[in-house]
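Novice: Dropping the structure in here first, questions after.
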């Protein structure tokens, strides 16, 4: 037989038998106590690393988003500040202008009032003067009349004269 | 300059020794022919083949040093029942095979326990009835390798349990992890695909069992010295396990591709079926022969180089033989890893082929 030519290629039943038993024992023992915990630990670690990496990526993205948000906020704040300054300036300008206007109008009013008061006073003074002149005239006239109408006849003449002046309709 | 001189020195040494050996062998030839009686029974003619085979073959005792051997238990099962005795009983005080009277008269012939007749000749008929389950040198070496594997990997496995996932591997653990990752990422994943996890324990066990036995085989003395992974029984057993795993896990499309190749004319299908069926067996057989032949060839090569010293019968031959043996030994170190890798990778490939899902199947019909 071919196998008997070379003893090297003739398998011994003994080694086959013991090898089968040994391999099965080795396989089950190592699978339970070495390969499974080992592969599980490696897998868990890789999973952990992967998770950590993806988490880091997410965080990076979050930070970037936050940064851009911050920038937007900052830009907005800057804009608002500019706006506010502008508004304040406008308000101030307006206030100054208003104040100016108000002052001017007040001044005008005061001037006008003063004018009116002056006119009134003037008129009053004029009236007063007129009245005084009038009363002086009356007084003078009275004195003149008193002197002219010292006698009775002249009085009657004058009354007649006046009476003629009054026309009864 | 230095390199040049080393080179020329090597060339000079080589030529000197070549000349020396030829003269020595001539010198040895003449007295042998002249006085055959002088050689006598003590100094036998040196038989290279026998010496090498003796080192490669299995044995019933484990040679330690000089005349000291470790006797191993012989376990025989025959029609007369089971018997266990020490292999020391099969040897006389001169380390020559002796007859041991058990259920039959046993004697080791060419390293194997055989039944002998009263006159000491081989009894083939009775020998066929005896099943030899002895703990031979290879079996003992196998057990040593398994003890080493268990010791190493139970420690490593325990380390993962104790140290947990968060901490980095340490010591032996960090030495073994890259190898395990290599098997997973270079062997299992590319060849099997996403279902690789199920086959990882099997592939790892095969890989490390072959690797440790390849390494132990390279150690020339106890606890190495046995040629387990270069033994056809060992490779056959592993190949049978691969065969079983592949065919148990073979899916519908695997069997369909063997017996009724899809997308072919019916006559082609009928023609391919027997070829594919043979392929089912040739795959594990190729695994068996590849590992056996590679490891055995390496051992034979190293032994042949060492035997040069005894062939030329001069210690100067070692100047050539030893460096070459060291060189081949280094290559063997590579081969030890390579063959473990190839065996595992091909096993993974066969498993991958058997469990592959053919999505393109629909296109055939």
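Novice: Helix-only estimate, please: 222 nm mean residue ellipticity of chain A, summing -39500 (n - 2.57) across DSSP H runs of length 4 or more and dividing by its residues, to the nearest 500. Don't skip to the end; give the middle numbers.
Specialist: Numbers: 3 runs with 145 residues, N = 169.
Only helices count here, giving -32000 deg cm²/dmol.
Novice: Hey, got the average number of other protein chain Cβ atoms within 10 angstrom for residues in B:123-133? The partial results should precede the final answer.
Specialist: On the way: counts 0, 0, 0, 0, 0, 0, 0, 0, 3, 5, 7.
If you average over the peptide's residues, the count of other-chain Cβ atoms is 1.
Novice: Figure the gain on full extension for residue A:58 and residue A:96 (residue separation times 0.36 nm, minus the Cα-Cα span) and round it to one decimal in nm. Please list the in-between numbers first.
Specialist: Details: separation 38, 0.36 × 38 = 13.68 nm, distance 5.52 nm.
The residue A:58-residue A:96 span can extend by a further 8.2 nm.
Novice: How many angstrom lie between the C-alpha centres of the stretch A:68-115 and the stretch B:230-262?
Specialist: 94 Å
Novice: Pick from A:88, A:22, A:41: which residue has the top mean-square fluctuation in a GNM of chain A where Cα pairs under 10 Å get a spring?
Specialist: Of A:88, A:22, A:41, the most mobile in the Gaussian network model is A:22.
Novice: Given the -39500 (n - 2.57) contribution per DSSP H run of 4+ residues, what per-residue ellipticity at 222 nm results for chain B, rounded to the nearest 500 deg cm²/dmol? Don't skip to the answer; put the middle values down first.
Specialist: On the way: 13 runs with 232 residues, N = 365.
Roughly -21500 deg cm²/dmol at 222 nm, from the helical runs in chain B.
Novice: Moving on. Most mobile of B:296, B:49, B:108 per a Gaussian network model of chain B (Cα springs, under 10 Å)?
Specialist: B:49
Novice: Quote the convex hull volume per residue of the stretch B:114-206, based on C-alpha atoms, as a whole number of Å³.
Specialist: Working: hull volume 15.7 nm³, N = 93.
So the per-residue Cα hull volume is 168 Å³.
Novice: So, one more: For the stretch B:73-134, just the Cα atoms, rotate onto the principal axes and tell me the three extents in Å, largest first.
Specialist: 32, 25, 18
Novice: Still on this structure, I have one more. For chain B, compute Rh as the Kirkwood radius over C-alpha pairs and then the Stokes-Einstein diffusion coefficient at 4 °C and 1.567 mPa s; write the answer in µm²/s, rounded to an integer.
Specialist: 52 µm²/s
Novice: For the pair residue A:164 and residue B:278, how long in nm is the line joining their label points, each one 7 Å along Cα→Cβ?
Specialist: Once both label points are built, they end up 18.3 nm from each other.
Novice: Moving on. Which value results when the Cα radius of gyration for the protein assembly as shown is divided by 2.2 N^0.38 Å?
Specialist: Working: Rg = 59.9 Å, N = 534, 2.2 N^0.38 = 23.9 Å.
Expressed relative to 2.2 N^0.38 Å, the Cα Rg reads 2.50.
Novice: Moving to a separate point now. How far is helix A:36-148 tilted, in degrees, relative to the longest principal axis of the Cα atoms in chain A, given as a value from 0 to 90 rounded to the nearest 10?
Specialist: Its long axis makes an angle of about 0 degrees.
Novice: While we're looking at this one, here's another question. Take every residue in peptide B:154-162, count the Cβ atoms of other chains within 10 Å of its Cβ, and give the average of those counts. The partial results should precede the final answer.
Specialist: Numbers: counts 5, 1, 5, 12, 3, 3, 10, 5, 1.
Per-residue shielding by partner chains comes out at 5.
Novice: Measure nothing but the geometry: give the 0 to 90° angle between the long axis through the Cα atoms of B:2-34 and the longest principal axis through the Cα atoms of chain B, rounded to 10°.
Specialist: 60 degrees
Novice: Sort largest first and round to whole Å: the equivalent ellipsoid semi-axes of the stretch A:13-121, each the square root of five times a Cα gyration tensor eigenvalue.
Specialist: Equivalent-ellipsoid dimensions as semi-axes: 99, 9, 4 Å.
Novice: Could you pull the Rg and Dmax for the stretch B:169-252, using just the Cα atoms, both in Å?
Specialist: 15.2, 49
Novice: Treating each Cα of the stretch B:278-331 as an identical point scatterer and ignoring solvent, apply the Debye formula and state log10 I(q)/I(0) at q = 0.15, 0.26, 0.32 Å⁻¹.
Specialist: Values returned for q = 0.15, 0.26, 0.32 Å⁻¹ are -0.52, -0.91, -1.10.
Novice: Just need the Rg to Rh number for the stretch B:230-291, please, alpha carbons only, Kirkwood Rh.
Specialist: Values: Rg = 13.9 Å, Rh = 12.7 Å.
In the stretch B:230-291, Rg relative to Rh is 1.10.
Bear in mind these aren't lab numbers, they're just calculated from the coordinates by the rules spelled out. Source: prediction; values computed, not measured. Neighbour counts are summed over all protein chains in view; Cβ atoms, including those assigned to glycine, are modelled from backbone coordinates with ideal geometry.
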